[in-house]
Amino acid sequence: MGTFGVLGPLTAGSARLGGPKQRAVLARLLIARRRVVPVRVLVADLWEDPPDGALGTVQTFVGALRKALEPDRPPRTPSTLLVTEGAGYALRAEDVDAWRFEEMLGGDLSVLDSALALWRGPAYAEFADEHWARAEIDRLEELRLVALERRAEAALALGRTAGVVADLRAHLAEHPWREKAWSLLALALYRDGRQGDALEAVRAARHALVENLGVDPGASLRALEADILAQSPRLMPSTAPSLVGRSAELAALEAAVPAAGLGIALVTGEAGVGKTALAEAFREVVGGRGWTTVWARCPEDAPVAWPWQQVVESLGEKLAVADRFHLRRAIVSTVESAAPVLIVLDDLHQADEETLAVLAAFTTHQLSGRVLIVATTRAVVPSEALARAEPVRVELRGLGEESVGVLVRSITGGSPDVRVIHERSGGNPFYVKELARLFAAGGDLGAVPAGVRDVIRHRLAALPAEARTVLHQASVLGRDVEVDLLAALADERVPGASDDVLGAGAGAEARVLDALDVALAAGFLVEEAPGRARFTHALVRDTLYEDVSLTRRARWHSVVAAALESLRPDDVHLLAHHYLLAGARGDKAVRALAAAAESTRSPRAAARLWQAAVEASGGTRLDLLTGLVRALAVSGDLEAARARRSDALRLAGDAEAMADVIGSFDVPGIWTTNDDPVHSAELVTAAERTLAAFPGPTATRARLLATIAMEQRGTGDRLAEAAEAETIARDLGDPALLAFALNARFMHTFHRTGLAPERAAIGRELLSVASAHSLVTHEVLGHLILIQAHAALAEFDTADQHAAAADDLARRHDLPLVSVFTEWYAALKLAASGQVAEADRAYRAAAARVQGTGMWGMERGLLPLALLSLHGPSTVDLTDDWGPHLEWVRPLVLPHDEALAAARALPPGPADLLSEVRACLLAMAATRLRDAALGKRAHELLLPAKSELAGAGTGLFTFGPVARYLGELGR
């Protein structure tokens, strides 16, 4: 199906649409944005007074639309585009011009031009009088006006003031209340040198706002007026920095400027480090003092003394002398006559002997004028005369992280991970810029930009074949290169070697050392210590590595692993790295992979290693499977963790093995809605069956009991199991077991409202136990529980401290799911402080983070509840995905009698984190319906929490003080 068009007359690709009512059905479904629209809603929207047979007519319209939209769909096959769901229809459109328009609003000038070009007329033009379309039409029109103003802003940043002024005057003629547009117009006029007109625009804005809205201009427009009057430098566009982080190097070149005669400066550094850019910046400095600058490059395979011929011709002269002695004197004389003059010789490392001889000639002459020669080079220049001249040496290294940040932001305008760019580029400005452009284009910073790859390959092609091969082999070792391992790899006799630790012959080692000398001289590697080298940049290493075939890579990794088994068998992390990339099988690989998985601090790395160990073992070892399950859960892949735990349960034979599998999954839990009830039921059944084999107060029994309580969270029925597990853990003095048991008890402290203090006590003990014994995941849990408890008690300063601590632990220990909860808490804070628009955006962003995490208990219904807490019942749409909360929301919006019946039929609800929220919804329904029985029930539920913020104990959102609801119910 092609594009659906709503920014103008309604279109559906090449489909021929029917009459107004059929078109209205399509428009109504498009406005719903892939959500289900009940048939009763369609009927009510199409007719003020629905005729008999209206339902059948809607079905006819839908059938005709399906034929038009999917003409090639085989008969009697269900539609995949206009689908039936329950008692309604949904249009699963993928490409709608209005949706694309919204996605493009954050783009640059060209993107905004394309976005505005999508508009063919007013949105949903033919449905402007329909009540169901009005809100969407108004919303899209507002976004169009925003796009026009953003386009003006982007054009203004590029200096296109005249066009901006014309566009904004036309825009404001139709929409004189747009304060942002008036600000942009005034700024454009000022930048166009029309200060008086700019002030007049501000005055016109003030008049328009008072006349149309009855309000005075906002603070930003008033500040702009003051800046225009003061001619503030802030009003002029900022220019992107041309040279960043090189002030010390520029100062060094300044020191090379001679007071009289000759001065020489040698700027050294690798390719792309900014030698030429530094010389360009310095040229501007001396150019402002009246110096002439001549630029010459030393290309490969150029004629003899070619750079000096360029210099002489640039100074308006020609070389006519044949013999070398007089040629050199003529060049020196020509340059001297142009003094003061700066000569820049770029890429001096490629210079021929005669070019260097002419440079040496300058050092033997007493010059009458001031001449400064700045030469840039990647390598040492073999010139004794140059060395004797004692040039000012300026060595360029990589930029610092702060300077990299400045350079990156000047290119992207956004906020990429500067630390990653600095680390991968080594601060090399060329690499930094290429990575920044890659980020700006939506690429992965872990990739090698095409421009960088091409440059590195070009440099590599100049090396001898043996050196290229050794560099490719070195890339398999990683960025740090150990010569003994590289020698083993170059020989490739390790697997069969018996009397030589490395298996590398003397010939192979000599070839490696010769190749390393070449690579060091060419700047691909630097020596860190005897026997140890390092690639100058991660991007260099990655380019070389990616150019090795997958089969050869695996072979080389296998050779390195075999060498390590002889050299350093206890270096399990390095062994595991190479076994993993070799795709190895067997006991040695399993041993290293499992040991590395056990000791790594990164759950995601542990999951990869455990998975490799499982595969290397043939997939039947329970200890490896249980390690994988735990790592998957902690790293955030809960769905995979549950699937693997089921596999382990099926493999477990006797009670001991079953108990090990069940009890090994002591991953903390904070949310009380079960993500997978079927899987939990399977676990609880297995645990209860296994308990009989462990009647005494053992750690095994405690883990089984705590698991039962954890898996039946939110029921309030397993507090006894949690309490027994806690008692056993305390008696045994086992801190890890106690943390698990405390988590289990936490899951059963929701049998009534008002228990935030009790949960806070659990959180504090968890924090104490976990921090004292390096139980990081349970330490995080303690902080999350305390966020919830203190938020419920409106103690946000304390909750903030725990949120910051949880985020810090998550960053240090690679725990991705923690930020899901802290982002929700940040949105709650915005809502509690009355920042409605900001909270709305934050809630939507937080809800998007939950999708795909495997936390199914949080995926459905929480966003609509959060928006209800923010905006009130007037915004409730029952077609939204309320999940298990729908029956509690329906009494807020249904007609009175239906709502009363629905409210009275509400069950007690689960004993979980949302208990207070459901009680608040009941209170809201009772107030709306004026029903005393409902009010009494809600009052009894909420009374224990009278001093708390309703719902804030979730750590996600709040419906405000419980006392307010009790007051309303008491009237």
Look through Trp132, Trp99 and report the one residue that is surrounded by 13 or more Cβ atoms within 10 Å (Cβ to Cβ), assigned to a helix (DSSP H, G or I), of a type in the set (Phe, Trp, Tyr) and more than 32 Å from the chain's Cα centre (by Cα). Trp132
Subset of the stretch 771-783 that is of a type outside the set (Val, Ile, Thr) and either closer than 14 Å to Val634 by Cβ or free of Cβ contacts under 8 Å to residues at least 24 places away in the same chain (or both) - its residue that is surrounded by the most Cβ atoms within 10 Å (Cβ to Cβ): Gly782
Output the number of residues of the stretch 903-942 satisfying the condition of being over 19 Å from Val876 (Cβ atoms), of a type in the set (A, V, I, L, M, F, W, C) and crowded, with 17+ Cβ neighbours inside 10 Å. 4
Pair list, Cβ < 6 Å and 6+ apart or interchain, from the stretch 420-445 residues that are under 13 Å from Val244 (Cβ atoms) to residues that are among the β-branched types (Val, Ile, Thr) and not in a helix (DSSP H, G or I): Asn428/Val273
Tell me, please, whether a residue that is at positive phi, touching a residue at least 60 places away in the same chain (Cβ under 8 Å) and surrounded by fewer than 23 Cβ atoms within 10 Å (Cβ to Cβ) can be found in the stretch 448-467. no
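Here's the yes/no breakdown for (1) modelled with pLDDT under 90; (2) more than 36 Å from the chain's Cα centre (by Cα):
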residue	(1), (2)
Asp138	no, no
Glu141	no, no
Glu153	yes, no
Ala157	yes, no
Arg160	yes, no
Val165	yes, yes
Glu179	yes, no
Looking at the stretch 663-720, which of its residues are part of a loop (DSSP other than H, G, I, E, B), closer than 23 Å to Leu622 by Cα and acidic (Asp, Glu)? Asp666, Asp676
Condition first: at positive phi and not assigned by TED's automatic domain parsing to the domain that holds Ala251. Now tell me which residues in the stretch 389-441 satisfy that. Gly413, Gly426, Gly427
In the set Glu639, Glu598, Glu615, the lone residue that is touching a residue at least 40 places away in the same chain (Cβ under 8 Å) and either in a helix (DSSP H, G or I) or surrounded by 23 or more Cβ atoms within 10 Å (Cβ to Cβ) (or both) is Glu639
Residues of the stretch 558-586 being surrounded by fewer than 21 Cβ atoms within 10 Å (Cβ to Cβ) and of a type outside the set (A, V, I, L, M), which ones? Ser558, Glu565, Ser566, Arg568, Pro569, Asp570, Asp571, His573, Gly583, Arg585, Gly586
Can you find a residue that is in contact (Cβ under 8 Å) with a residue 12 or more places away in the chain, under 39 Å from the mean Cα position of the chain (by Cα), buried (at least 21 other Cβ atoms within 10 Å of the Cβ) and farther than 28 Å from Val917 by Cα anywhere in the stretch 728-737? yes
Collect the residues in the stretch 258-274 that are part of a loop (DSSP other than H, G, I, E, B) and buried (at least 19 other Cβ atoms within 10 Å of the Cβ), keeping them in residue-number order. Gly269, Glu270, Gly272, Val273, Gly274
So Thr620 ticks every box in (1) assigned to a loop (DSSP other than H, G, I, E, B); (2) modelled with pLDDT of 90 or more; (3) within 20 Å of Ile662 (Cβ to Cβ) but one. Which box is left unticked? (2)
Expected output for the stretch 812-827 (first residue closer than 22 Å to Leu865 by Cβ, partner among the aromatic types (Phe, Trp, Tyr) and at pLDDT 90 or above, Cβ below 9 Å, 6+ apart or cross-chain) is Trp824/Tyr843; Trp824/Phe957; Ala827/Tyr843; Ala827/Phe957
Pairs returned, first residue in the stretch 949-971 that is assigned to a helix (DSSP H, G or I), second residue that is acidic (Asp, Glu), beta-carbon separation under 6 angstrom, 6 or more apart or interchain, are Val962/Glu948
Any residue at all in the stretch 282-297 that's assigned to a helix (DSSP H, G or I), touching a Phe, Trp or Tyr at 6+ places or on another chain (Cβ under 9 Å) and crowded, with 22+ Cβ neighbours inside 10 Å? no
Looking only at residues in the stretch 200-217 that are in contact (Cβ under 8 Å) with a residue 12 or more places away in the chain and either touching a helix residue (DSSP H, G or I) at 6+ places or on another chain (Cβ under 6 Å) or not assigned by TED's automatic domain parsing to the domain that holds Leu168 (or both), which one is surrounded by the most Cβ atoms within 10 Å (Cβ to Cβ)? Ala201
Within the bounds of the stretch 841-850, is there any residue that is under 14 Å from Ile670 (Cβ atoms) and buried (at least 21 other Cβ atoms within 10 Å of the Cβ)? yes
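The values are calculated or read from the model by the stated rules, or taken from the named source; none is laboratory data. What you see is a predicted model, and the numbers here were worked out from it, not measured in a lab. Don't worry about glycine lacking a Cβ; one is built from the backbone with ideal geometry, like all the others, and counts go over all protein chains shown.
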